[in-house]
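One structure below.
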Amino acid sequence: MTHTETLAFVAAGTTLCADAIAGLDEAAFAAPSALPGWTRKHLVTHLAANAEALMRLLHWATTGERTPMYSSPEQRNADIEAGTLRPGADLAHWFTTSAARLDDALAAMPEAAWAAEIVTAQGRTVPASQIPWMRAREVLVHAADLGTGVTFADLPEPFLTTLGEEIRAKRSGAGEPVGELAGSLPDVTAYLAGRGTSGVTTTDGAPAPAPSPWL
Ligand code: ZN
């Protein structure tokens, strides 16, 4: 996956989310997303806050000043809950403006800064070059989680392939390897991402067991 391809995934996911969000009225904002316990307001707040959190990582990589994504998991969750008290139109505006500022910040990154190490919210130390991929995952997977009709079949195929490989590796590393599966690429990737078992079986045709949550 090249840097340019990954930035194109970010752009595609941002457009999918923006289009989905633009169609929401206040009642639809307050309705459940596809994520357990989260309304669409929770999810849109999370997406906007994520853009700002990733800008803090870009700042860290550029300056060396340690600016983590979130001050704590509790603060992250409190900020998401606070977002749900705001009107949907405000959250839509926040999503659009934060995504645009992140785009600008990505474009302004000095070449040498991509190699600088930063720490993700999960505590992993990675080079800043991972930041576009982190955002691509958020906007593309959560575009489907918004529950407005976008599905994994609407996501770019190379994105699905890379995401599936990454989740398999992560689940193997966690001692929870996923065996061979039968199903379409979008269905199998949604399955690996913990988004249901629809269209997926084991290779002998048996129902695939639901994997534990991811992301
Ligand atoms: Zn997320």
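We did not get these values from a lab; they are worked out from the coordinates using the rules stated. Here the structure is a predicted model, which is why all the values come from computation and not from measurement. Heads up, the Cβs are rebuilt from the backbone with ideal geometry, glycines too, and the neighbour counts pull from every protein chain shown.
Specify the residue that is nearest to Leu85 (Cα to Cα); the eligible residues are those in region 15-46 that are away from the ligand (no atom under 14 Å from the Cβ) and among the hydroxyl-bearing types (Ser, Thr, Tyr).
Thr39
Are any of the residues in region 151-163 part of a helix (DSSP H, G or I), within 27 Å of Val10 (Cα to Cα), of a type in the set (Asp, Glu) and more than 16 Å from the ligand (Cβ to nearest atom)? Give the derivation first.
First, pick out the residues of region 151-163 that are part of a helix (DSSP H, G or I): 152-154, 157-163.
Imposing the further condition that a residue be within 27 Å of Val10 (Cα to Cα) reduces the set to 152-154, 157-163.
With of a type in the set (Asp, Glu) added as a condition, the list becomes 154, 157.
From the residues that got through so far, the ones that are more than 16 Å from the ligand (Cβ to nearest atom) too are 154, 157.
Within region 151-163 (the criterion being part of a helix (DSSP H, G or I), within 27 Å of Val10 (Cα to Cα), of a type in the set (Asp, Glu) and more than 16 Å from the ligand (Cβ to nearest atom)), the answer is yes, since at least one residue qualifies.
Would it be correct to say that Ala210 is closer than 21 Å to Pro36 by Cβ, touching a residue at least 12 places away in the same chain (Cβ under 8 Å) and within 16 Å of the ligand (Cβ to nearest atom)? Talk me through it step by step, then tell me what you get.
Details: closer than 21 Å to Pro36 by Cβ: yes; touching a residue at least 12 places away in the same chain (Cβ under 8 Å): yes; within 16 Å of the ligand (Cβ to nearest atom): no.
For Ala210, the condition - closer than 21 Å to Pro36 by Cβ, touching a residue at least 12 places away in the same chain (Cβ under 8 Å) and within 16 Å of the ligand (Cβ to nearest atom) - is not met.
If Asp104 satisfies all but one of (1) in a helix (DSSP H, G or I); (2) within 16 Å of the ligand (Cβ to nearest atom); (3) over 17 Å from Thr189 (Cα atoms), what's the number of the condition it fails?
(2)
For region 14-30, what are the residues that are touching a residue at least 12 places away in the same chain (Cβ under 8 Å) and out of contact with any Pro (no Cβ under 9 Å at 6 or more places or on another chain)?
If the condition is that a residue be touching a residue at least 12 places away in the same chain (Cβ under 8 Å) and out of contact with any Pro (no Cβ under 9 Å at 6 or more places or on another chain), then Thr14, Leu16, Cys17, Ala18, Ala20, Ile21, Ala22, Gly23, Leu24, Asp25, Ala28, Ala30 are the ones that fit.
Provide a single number: the residues in region 116-143 that are of a type in the set (Ser, Thr, Tyr), surrounded by 15 or more Cβ atoms within 10 Å (Cβ to Cβ) and not in a loop (DSSP other than H, G, I, E, B).
The qualifying residues number 1.
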